[in-house]
Protein chains: 2
Amino acid sequence: MAKQNTKTMGITVKKEDDMPEWYSQVVLKAELADYAPIKGCMVLRPHGYDIWQSIMDFFNAKIKKRGVKNAYFPMFIPEKFFEKEKEHAEGFNPEVAWVENKDDSSERFAIRPTSETIIDDFYSRWIRSWRDLPLKINQWCNICRWEVQDCKLFLRSREFLWQEGHCVYETEEECEEDTLNYLEDYRAVSEDLLAVPVILGLKTEKEKFAGAKKTFAIEAMMPDGKALQLGTSHNLGQGFAKAFGITYIGRDEKKHLPWQNSWGISWRMIGSMVMTHGDDKGLIIAPNAAPNKVVIVPIIFEKSKKEVMKKAKEIEKQLSEFEAFLDDREGYNPGWKFNEWELKGIPVRIEIGPKDVESDQVIMVRRDTLKKEIVKTKDLKKKVDATLKDMQKSLFAKAKTRLKESMVTVKDYKDFKEKIKQKKLVKVNFCAEVECEELIKSETEGATSRIILLDEKIKKGAKCIKCNKLAKHVVYFAKSY
Amino acid sequence: MAKQNTKTMGITVKKEDDMPEWYSQVVLKAELADYAPIKGCMVLRPHGYDIWQSIMDFFNAKIKKRGVKNAYFPMFIPEKFFEKEKEHAEGFNPEVAWVENKDDSSERFAIRPTSETIIDDFYSRWIRSWRDLPLKINQWCNICRWEVQDCKLFLRSREFLWQEGHCVYETEEECEEDTLNYLEDYRAVSEDLLAVPVILGLKTEKEKFAGAKKTFAIEAMMPDGKALQLGTSHNLGQGFAKAFGITYIGRDEKKHLPWQNSWGISWRMIGSMVMTHGDDKGLIIAPNAAPNKVVIVPIIFEKSKKEVMKKAKEIEKQLSEFEAFLDDREGYNPGWKFNEWELKGIPVRIEIGPKDVESDQVIMVRRDTLKKEIVKTKDLKKKVDATLKDMQKSLFAKAKTRLKESMVTVKDYKDFKEKIKQKKLVKVNFCAEVECEELIKSETEGATSRIILLDEKIKKGAKCIKCNKLAKHVVYFAKSY
């Protein structure tokens, strides 16, 4: 950090003036990530990895309760596996990177763009009986989608980190129910951990996963009025089981095809949090997702140094459950440190100087409101706890209000185009035909169907906003990342 | 599991009769891992991943105390980066897999065989001042060494999981000291977590890491008399810093080259534990490395089912700190379950039937000795805790005795060859010349120098066991994996 002074270190554009530039400055200057010297790639730096670790810990606890176990599958996938499920192969072919094979065979190997095929090959050997079901396995791994040319930090990159769950069930009902369970877990990661509100629903035929029967998703609206898909949970039906020869002997002692789902979230989650909460001073980490929730900055003068440092260390210990850390670096003044930790989004800052030691108090600053408060040392732990909880709630409420305000209905197609231009999440009756959706996309400079809300049923006889034929679903359209 | 009955499920060879076959049967049948349908690759199954997670958690806690932070770097490395450090490039070239580049450029990308080069490129931009040092970053990731043709489960595979730490320091002293700190952390993973005793030391010129100044290692002896290298910590000196242009402005305001180290362990650690402790019934997980340390098997008769299950659930709760789990699967009899959990190496088994409920007791079976004991329910938690601790100690002590017995000294080169044939770890005075080491290797069908113990100094004037020239080090030779 020492290479930059306070002035050049800060964010140089306002969020509302130029959000893309603001976003990449925040990600880079808060040291969450950096561009790689390889086209389309990025590095996840320690400050970003800490948030990723929070996401992994939170989600692992959720899926453990559902009986899911973690594992690790090979990253190389033989070309012949891809060809087994036709829709899947067509969907992913442009994205696949291939390894130069130095062996004595003509076989080609893909670097996984997703792992349904390689995992299903294993499952076809591991599953024999209904006693082996449900089989629920998840992996945390890197993924390669080679078609990405320009890296959009956290949002789109040639290589990224994600988790992918792959489950097999005896019955269709169990499969569908559990597919929705993981969607609920994704909602929890986004809303309860990162304080990013989402809507849950189904994807249209055009937007669903290649090879899936149904794709469910959680979708967020960013402050610039673009939708961001944050997680998907696919009911795969029996297509992959058929293609890969996964069968089991049922309770009736006959052979059956099982039902499958798969589901994934990636480090894109981090990007959504940055965009949703950040301000002109930089990043704001939702308290629940911050491993270090409190930073302590001592105000040092030579003659009172010993007392202040002693007190600061006591406070560090007192606040250990929040993984508070003491910034005792020399060669930086307190103002520089305040700016750095604001830029890096630590939820609560504690300032302590000689006068505070005398009065047995500290100054507490909350990152979202930047409100300063004098707190007596004896009350500090309770006060910090309450502040973190309130901040989590308040960040979520603010974002939720924005999401609600972005959701609008329209009278006709002209009004629809107008609202799309205004960057709204627009609710319409829609025929759900792929051709119609493509027309809408081209006539609106990129609006796509984002979600079909699960609890919103179409009225009988309702007509499609675009083609005026019978509508099939109530669908939300928006421009998106 | 239901596809196999108890008889075919067990290990069909004795460990002392055919260890390689015994080993792969244990790994496969205990469902730690499986061969992949891709040459040289394997899958880490949930039961194996649990142990890997224990290793990650244990090691993360160790390095956190040393100020190391986790991150994630790109898996693709531009070819030109490899060429920057010549020794490194030559050492790794045969192992590298290349990606077919579909972009409009002739640039080739390697899949990381190790990440010094890509990380040092980032470091050259991130490091400016002495204030940025030490910089200590670790990553958990997959690695590709394409030259592997036949997968030896956990021991050698084309793709594997590991961690790699990469640190940068102001001074040579600090660098060397910390290089040894990580070696100590590796000793702790192996000995304190997995109960696998190791010797610590330096590698010879021939065996050191390509591009390193010094390579330190921990080395274990497997029960079949083969050495297994389990972790390496490299003092890289300033070679990579020079090659990648990493410099910093020092406290003297002048430009300096920093010092670096790198260090890694892989899932091979799991293989060493399997070989060291397993027996003819299967796997034995060292208690400290077992996430689920206790399995509870209820003995069910229809009329007492309710009481037994109630008590079994109470015990599961009582033993929750050991992550005890209740095997309440239907369709398997208790004997089948006993065999399965013995095969899978769960440290302690609790059996509970109707008579036990009446007497408020259980039967406790310890995996290593298979000793059965009746324990009163009220004493159970204390008893389980003591048993796990004793088992951990006892597994380590047994293996330590074997390691010590394998370490021998010899009179002359003829005796040396004899002891190598007897699969010992043979201590000799050695000139440490690459040519001499190659001669020894060819004349002994594969013995290599394993380690130079740190605290064993060569006697003045001692001669090399092979060439009779002046010896440089006391070196341990053995055949190895």
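Number of residues in the stretch B:109-130 that are buried (at least 20 other Cβ atoms within 10 Å of the Cβ) and part of a strand (DSSP E or B) equals 3. Checked against (1) more than 10 Å from chain B (Cβ to nearest Cβ); (2) part of a loop (DSSP other than H, G, I, E, B); (3) open to solvent by 10 Å² or more (accessible area, probe 1.4 Å), residue A:101 meets all criteria but (1).
Restricting A:32, A:28 to residues that are surrounded by fewer than 19 Cβ atoms within 10 Å (Cβ to Cβ), modelled with pLDDT of 95 or more and touching a strand residue (DSSP E or B) at 6+ places or on another chain (Cβ under 8 Å) narrows the list to A:28. Screening the candidates A:227, A:212, A:241, A:217 for the property of being open to solvent by less than 10 Å² (accessible area, probe 1.4 Å) and at pLDDT below 95 yields one hit, A:212. When A:81, A:59, A:73 are checked against the criterion of being facing chain B (nearest Cβ under 7 Å), open to solvent by less than 20 Å² (accessible area, probe 1.4 Å) and in contact (Cβ under 8 Å) with a residue 24 or more places away in the chain, a single residue qualifies: A:73. Cβ separations smaller than 7 Å between residues 6+ apart or across chains give the following pairs from the stretch B:270-293 residues that are within 18 Å of residue B:45 (Cα to Cα) to residues that are buried (at least 24 other Cβ atoms within 10 Å of the Cβ) and among the charged types (D, E, K, R): B:284/B:367. In this structure, residue A:284 does satisfy being touching a Lys or Arg at 6+ places or on another chain (Cβ under 7 Å) and buried (at least 21 other Cβ atoms within 10 Å of the Cβ).
Residues checked against (1) small (Gly, Ala, Ser); (2) more than 21 Å from the chain's Cα centre (by Cα):
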position	(1), (2)
B:393	no, no
B:430	no, yes
B:462	yes, yes
B:478	yes, no
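Return yes when residue A:423 is within 25 Å of residue A:278 (Cα to Cα) and in a loop (DSSP other than H, G, I, E, B) and no when it is not. Yes. Taking the conditions (1) within 13 Å of chain A (Cβ to nearest Cβ); (2) over 15 Å from residue B:66 (Cβ atoms) in turn, residue B:165 satisfies each one other than (2). Restricting attention to the stretch A:130-158, the residues that are over 17 Å from the mean Cα position of the chain (by Cα), of a type outside the set (Lys, Arg) and more than 22 Å from residue A:228 (Cα to Cα) add up to 6. Taking the listed residues B:122, B:92, B:109, B:81, the one that is out of contact with any Cys (no Cβ under 8 Å at 6 or more places or on another chain), modelled with pLDDT under 90 and among the hydrophobic types (A, V, I, L, M, F, W, C) is B:92, with no other qualifying. Within the stretch A:13-56, if we keep just the residues that are away from every other protein chain (no Cβ under 13 Å) and among the hydroxyl-bearing types (Ser, Thr, Tyr), the residue that is farthest from residue B:126 (Cα to Cα) turns out to be A:23. The listed residues are A:205, A:170, and the only one of them that is under 30 Å from residue A:253 (Cα atoms), of a type outside the set (Gly, Ala, Ser), open to solvent by 10 Å² or more (accessible area, probe 1.4 Å) and in the same structural domain as residue A:119 (by TED's automatic domain parsing) turns out to be A:170. Taken together, the criteria place residue B:282 among residues that are at positive phi and in contact with a Leu (Cβ under 6 Å, 6 or more places away or on another chain). Could you please give the count of residues in the stretch B:257-269 that are under 10 Å from the mean Cα position of the chain (by Cα) and either free of Cβ contacts under 8 Å to residues at least 40 places away in the same chain or part of a strand (DSSP E or B) (or both)? Total satisfying the criteria: 3.
Take the conditions under 30 Å from residue A:268 (Cα atoms), surrounded by fewer than 20 Cβ atoms within 10 Å (Cβ to Cβ) and touching a helix residue (DSSP H, G or I) at 6+ places or on another chain (Cβ under 8 Å) and apply them to residue A:456. Does it pass? So residue A:456 fails the test. Among the residues making up the stretch B:443-481, a single one is in contact with a Phe, Trp or Tyr (Cβ under 7 Å, 6 or more places away or on another chain), within 19 Å of residue B:405 (Cα to Cα) and in a loop (DSSP other than H, G, I, E, B): B:447.
In the stretch A:317-407, counting only helices (runs of 4 or more DSSP H) that sit wholly within it, the ones holding 3 or more residues that are surrounded by 14 or more Cβ atoms within 10 Å (Cβ to Cβ), without any contact (Cβ under 8 Å) to a residue 60 or more places away in the chain and in contact with a strand residue (DSSP E or B) (Cβ under 9 Å, 6 or more places away or on another chain) span A:334-343, A:380-406. Restricting the search to the stretch A:145-165, which residues are closer than 16 Å to residue A:216 by Cβ and either open to solvent by 10 Å² or more (accessible area, probe 1.4 Å) or among the small types (Gly, Ala, Ser) (or both)? Selection gives A:165 alone.
Among residues belonging to the stretch A:131-140 that are in contact with a strand residue (DSSP E or B) (Cβ under 7 Å, 6 or more places away or on another chain) and at the interface with chain B (Cβ under 8 Å from one of its Cβ atoms), point out the one that is surrounded by the fewest Cβ atoms within 10 Å (Cβ to Cβ). The extreme case among them is A:132.
Scanning the stretch A:271-287 for residues that are hydroxyl-bearing (Ser, Thr, Tyr) and more than 30 Å from residue A:358 (Cβ to Cβ) turns up at least one hit. Set side by side, the residues B:156, B:145, B:108, B:131 differ, and just one is within 25 Å of residue A:28 (Cβ to Cβ) and of a type in the set (Lys, Arg), which is B:131.
The values are calculated or read from the model by the stated rules, or taken from the named source; none is laboratory data. Keep in mind the model is a prediction, meaning the values are calculated, not measured. When we count neighbours, we look across all protein chains shown, and the Cβ atoms used for this are built from the backbone with ideal geometry, even at glycine. All accessible areas refer to the heavy atoms of the entire protein, side chains included, with ligands and DNA or RNA removed. Shrake-Rupley method; radii C 1.70, N 1.55, O 1.52, S 1.80 Å.
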